[in-house]
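See below for the structure under consideration.
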Amino acid sequence: MSCVCRTFFIFTNLRSLYFGSINYRLSIIIYNYKMSTTQDYIRENKQRFLDELFDILRIASISADPAYKDEVLKCADSVAKHLKVAGADNVEICKTKGYPIVFGEKIIDAGLPTVLVYGHYDVQPADPLELWTSDPFEPVVKKTELHPEGAVFARGSADDKGQFFMHVKAFEAMMQTSSLPCNVKFIIEGEEEVGSASLADFLEENKEKLSCDVILISDTHIYSNEQPTVTTGLRGLSYVEVEVEGPNRDLHSGLYGGAVPNPINVLSKMIGDLIDDKGHITIDGFYDNVLIVSDEDRKEMNKLKDDPEGYKKSIGLNDIQGEEGYTTLERASIRPTLDVNGIWGGYTGEGAKTVIASKAFAKISMRLVPNQTPEEITEKFTRYFEKIAPKSVKVKVTPHHGGMPYVLESNTKEFLAAKKAMEKAFGKEVLPYRSGGSIPITSLFEKVLGAKSVLMGFGLDTDAIHSPNEHYGLYNYYKGIESIPYFFEFYAQS
Ligand code: BES
Ligand code: MN
Ligand code: MN
């Protein structure tokens, strides 16, 4: 197609959209006229790509808190508009029992492979607000030691708005330079941070609509900017809430203390007993199904330089601890864990109140590795917790959402396309990296859609996701946008 003809086509297409300014249309026309490459287009539009991300970050789409419902819905609208402007067809805000899923696609040739891009537009709550150095929903760029070029500080900047938005912009760049080499579909959901319940149903009901060859996800991190990686594994999750009940009412700690079970003391002791001195979890049968990683694979993964000093410094620790016989890297990826996420009960107000509480509670997460399953581990936890409870108390275990672990072998074409793409963008060797976090939907994608997920995330583990002062490096944002078209290119060739 000649330059002029193509320019005209894009112009008429964009005219039908109400979003975007005249300037934006004009800049697109000029680009086509110059026949620029995808990477040129990205370079020349950097500032706008950042400004548009800021607009999405300003929306407080907190899925966990019903008070933010309107904001979550507003965010879905915004994602849909951006997809349309970027050039997606059939953009839909799909209703679910919970928050909507935004869909869009560009099918250029049924004979070509289809890449399904997945991401989430919901974010974690921002509290505790007083620990933020700027407003979590008013993005600003600040320099940090690890991000000398600056990082965007905002809730969701790294998890996952800044990352899924790279795909929207990379897609726009491929569209505007007529270089999209495969079909593409998008599903951006609004309930990832609360367990993706609606997405599971949506997959089952829309197998045809979502049919694809590979799923591409940017919702993880690289090892470091000096050592980029492709994530080859995620841990699964079993999450439970426990309740220990002692006396039928709160008691005077002087009149009764010493003679009755104190639920908070009992719960603390029980939790303490769940992990032994060697860092092993004591739950009966907990390790039965754990896939032992071969010495060869362990050697391979430990090629990533363990940096204990930098690690400790970044989180303000004098020393680290964990399961005996494993490196920090291994402890946080190929080994299962048990952590208390919250514990409460009794008096926590001002001053002192002398009381023995009737009940104590805790929320506990267990990160799982292949071939553990959340059902199996929740069941084993419950049995063991009931077993170790003293006769003097009643215990109750309530399971929350869980998820399966996920692994992508490093000899697959999916992994290799991502590795080559990132190597081209970063100009460095890219290694496989197993992460400790969870994206439970990946194993469901495999089961329902029969496709592997490639986890090509660009954050850093120090980006403070789920914490105050979450941020995402500008370097990372742009490297991501550069890498994505290369992935499409290499995947289409494979
Ligand atoms: N994007 C994260 C998961 C993640 C981050 C994986 C970095 C690997 C590296 C995701 O949004 C998340 O927070 N997942 C939850 C699980 C979910 C069931 C709530 C998690 O890992 O705690
Ligand atoms: Mn995420
Ligand atoms: Mn998250």
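Residues that are surrounded by fewer than 16 Cβ atoms within 10 Å (Cβ to Cβ) and modelled with pLDDT of 95 or more: list the strands (runs of 3 or more DSSP E) wholly contained in segment 335-439 that include at least 2 such residues.
Numbers: elements: 339-345, 359-368, 394-399, 431-434.
It comes to 339-345, 394-399.
Within segment 127-161, the set of residues being within 16 Å of ligand 2 (Cβ to nearest atom), of a type in the set (Lys, Arg) and part of a loop (DSSP other than H, G, I, E, B) comprises ARG155 only. Scanning segment 357-394 for residues that are of a type in the set (D, E, K, R) and touching a residue at least 12 places away in the same chain (Cβ under 8 Å) yields LYS359, LYS363, ARG367, GLU375, GLU376, LYS380, ARG383, LYS387, LYS394.
Among the criteria (1) closer than 24 Å to LEU408 by Cβ; (2) part of a helix (DSSP H, G or I); (3) more than 24 Å from the chain's Cα centre (by Cα), the one ALA200 does not fulfil is (3). Just so you know, in segment 401-441 the residues that are under 26 Å from LYS299 (Cβ atoms) and within 16 Å of ligand 3 (Cβ to nearest atom) include one that is farthest from the chain's Cα centre (by Cα), and it is TYR406. Here LYS69 meets the list (1) more than 30 Å from CYS182 (Cβ to Cβ); (2) among the charged types (D, E, K, R); (3) within 16 Å of ligand 2 (Cβ to nearest atom) almost entirely, failing just condition (3).
Of the residues making up segment 160-219, those that are hydroxyl-bearing (Ser, Thr, Tyr) and more than 16 Å from ligand 3 (Cβ to nearest atom) are THR177, SER178, SER179, SER198, SER211. Filtering segment 132-188 to residues that are under 17 Å from the mean Cα position of the chain (by Cα) and either farther than 22 Å from HIS120 by Cβ or acidic (Asp, Glu) (or both) leaves ASP159, ASP160.
Is it true that some residue in segment 136-159 is charged (D, E, K, R) and under 16 Å from LEU216 (Cα atoms)? So far as segment 136-159 goes, yes, one or more of its residues are charged (D, E, K, R) and under 16 Å from LEU216 (Cα atoms).
Every residue, every condition in (1) in the same structural domain as LYS353 (by TED's automatic domain parsing); (2) within 16 Å of ligand 2 (Cβ to nearest atom); (3) modelled with pLDDT of 95 or more; (4) polar (S, T, N, Q), yes or no:
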residue: GLN163; (1), (2), (3), (4): no, yes, yes, yes
residue: HIS167; (1), (2), (3), (4): no, yes, yes, no
residue: ASN183; (1), (2), (3), (4): no, no, yes, yes
residue: ILE188; (1), (2), (3), (4): no, yes, yes, no
residue: GLU191; (1), (2), (3), (4): no, yes, yes, no
residue: ALA200; (1), (2), (3), (4): no, no, no, no
residue: LYS209; (1), (2), (3), (4): no, no, yes, no
residue: ASP219; (1), (2), (3), (4): no, yes, yes, no
residue: ASP250; (1), (2), (3), (4): yes, no, yes, no
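The values are calculated or read from the model by the stated rules, or taken from the named source; none is laboratory data. The model shown is predicted, which means the values in this text are computed figures rather than measured ones. As a convention, Cβ positions derive from the backbone with ideal geometry for all residues, glycine included, and neighbour counts pool all protein chains shown.
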